1. Would you confirm whether any residue within the stretch 161-174 is open to solvent by less than 10 Å² (accessible area, probe 1.4 Å) and among the polar types (S, T, N, Q)?
2. Exactly one condition in (1) over 24 Å from A162 (Cα atoms); (2) open to solvent by 10 Å² or more (accessible area, probe 1.4 Å) is false for S127; which is it?
3. Could you say whether any residue in the stretch 53-66 is polar (S, T, N, Q), more than 17 Å from G175 (Cα to Cα) and open to solvent by 30 Å² or more (accessible area, probe 1.4 Å)?
4. Six or more apart or on different chains, Cβ atoms under 7 Å: show the pairs whose first residue is in the stretch 71-99 and touching a residue at least 40 places away in the same chain (Cβ under 8 Å) and whose second is part of a loop (DSSP other than H, G, I, E, B) and of a type in the set (K, R).
5. Looking at the stretch 97-124 only, could you name the residues that are closer than 19 Å to E64 by Cβ, aliphatic (A, V, I, L, M) and open to solvent by 10 Å² or more (accessible area, probe 1.4 Å)?
6. For the stretch 71-89, give me each residue that is open to solvent by less than 10 Å² (accessible area, probe 1.4 Å) and in a helix (DSSP H, G or I).
Amino acid sequence: RREPSADVREVSTRWTAWARQDTDRPLLVRTRSALVLGRNGRRTSRDVERPADVTIRVLIAEDEVAVRAALAELISAEEGFQLVGAAGDAEEAIAVAARVLPDVALVDVKMPGGGGQRAAREIRSTSPDTRVIALSAYDDRGTVFEMLRAGASGYLVKGVPAGEILETIRRAMRGQGM
């Protein structure tokens, strides 16, 4: 693993700064910041270790431009990851996923065009091997379960450290829980 570049440290700093902004979001107290589940106990080719030289192809579906840009920079700067698409709403996320068939889709829970639940369901329908990780400012149990029922295999609360985002993507690819 290479040392994080100045760009990655910058993205991490901006990600953290964004998460601390005084916005209309509720203040979050995290008891568990990431949750990754396997797919109903079924094994697929993605459930086994992937060789280190295989790139994880990532789609970002996030309506907030600043968050989408920070995530895009984080993914693009990390060795072993490739940003294959970015979308600002559920409709666009579904269309991009059908076209590029990403390995992992980071999907915002509350976004226009039907929300994260719709995006997760339809992405999993059109690209069954894509692992969906929900990304939300909300850490309530109901929201987590809604996304898991919609097909998400993981859940991240906005504002977690950049390294945790990358590790959650890696773990989702291996079908591992946290």
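1. yes
2. The failed condition is (2).
3. Looking only at the stretch 53-66, we keep the residues that are polar (S, T, N, Q), and these are 55.
Now restrict to residues that are more than 17 Å from G175 (Cα to Cα): none.
No, that holds for no residue.
4. Hits for this filter: E79/R2.
5. M111
6. L71, L74, I75
The values are calculated or read from the model by the stated rules, or taken from the named source; none is laboratory data. This is a predicted model, so every value here is computed, not measured. Please note: Cβ atoms are built from the backbone with ideal geometry, for glycine as well, and neighbour counts cover all protein chains shown. Surface accessibility is based on the protein's heavy atoms, side chains included, excluding ligands, DNA and RNA. Shrake-Rupley method; radii C 1.70, N 1.55, O 1.52, S 1.80 Å.
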